[in-house]
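Here, each number is a calculation from the coordinates, and none is a lab measurement. From a predicted model like this one, the values you see are computed outputs, not experimental measurements. A quick note on method: Cβ atoms are made from the backbone with ideal geometry, for glycine too, and the neighbour counts reach across all protein chains shown.
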Amino acid sequence: MLTLENNNAGVVIDPQAGGRIVSLAIDGLELLRSREDDPILWGCYPMAPWAGRVRNGEFEFASNHYQLPRLRPPHAIHGTVFLREWQIETPQRISTELGPDWPFRGRAVQSFSLDENALTLQLEVHADEQAFPCSIGWHPWFMRRLARGEPAELVFNARRMYARDEVGIATRETIVPSAGPWDDCFTGITQAPTLCWPGVLKITLHSNTSHWVVFNERADAICIEPQTAPPDALNIAPLIVTPQQPLRAEFTIEWRILSSS
């Protein structure tokens, strides 16, 4: 485990559990959904070398067809690295190979920085030998209700939302956002997303990514996921990683304690 601490926050990262944050506690309150048997459903984990679903687990690149494991049949989902063991490079940096489930050789690197009122995450994907399509992001499972106080209130505004087809996969079309609840991808964010547990704690999420997925259909948790591209990006709008040009992204969780315990 890697542990980062200051006067009001504690962060625990488990390299063996997909390099995920297994605990983010602020003022003694745990913000993240705790360990589950299903690795998709808990903590805050990196998504690489793709984020979100890939339709039928299939994509084409450089005139070749590729099939990915279908973790949520019939689709592939959330990349490979959240299922892999990561290696500790420094007390704040870990890395892993992309693994045999990805058809190109490469590696992912994460770094973590805890300030007085913010946690900053950085994620990189590097190609070893040849270029490949890629998208990356994070999947935090924030608790809707903390150990004290009222349920969280989400403030989120965007100009466009990706239309989904009959099987729930994002298409290339964007539309005016509908009213929630959502399991959708957005672009054109007009302000930083926030979660507020009234009278207790407020977090503001910042990222240099261009897309956000919001999943708030569950009663117990809310996911607000920064991504470099929409779901099914390997078929819709992939970014290209080369040995000379990795893909990098940053995600900051900033907080303000409204009432101390």
Exercise for the section: Using a Gaussian network model of the chain whose springs link C-alpha atoms within less than 10 Å, name the residue from His206, His139, His78 with the highest mean-square fluctuation. Expected result: His206
Problem - Computed helical MRE - 222 nm, the chain, DSSP H runs ≥ 4 contributing -39500 (n - 2.57), nearest 500 - result: 0 deg cm²/dmol
Handout entry: Nearest-0.05 FRET efficiency for Arg145 and Asn6, computed from C-beta distance (R0 22 Å)
Key = 0.35
Handout entry: Protection proxy ranking, peptides 197-203, 45-51, average beta carbon neighbours within 10 Å, highest first
Key = 45-51, 197-203
Completion exercise
Descending packing, highest mean Cβ count within 10 Å first, for 12-25, 97-110 is 12-25, 97-110
Handout entry: When the stretch 66-180 is reduced to its Cα atoms, the Kirkwood hydrodynamic radius in Å
Key = 17.8
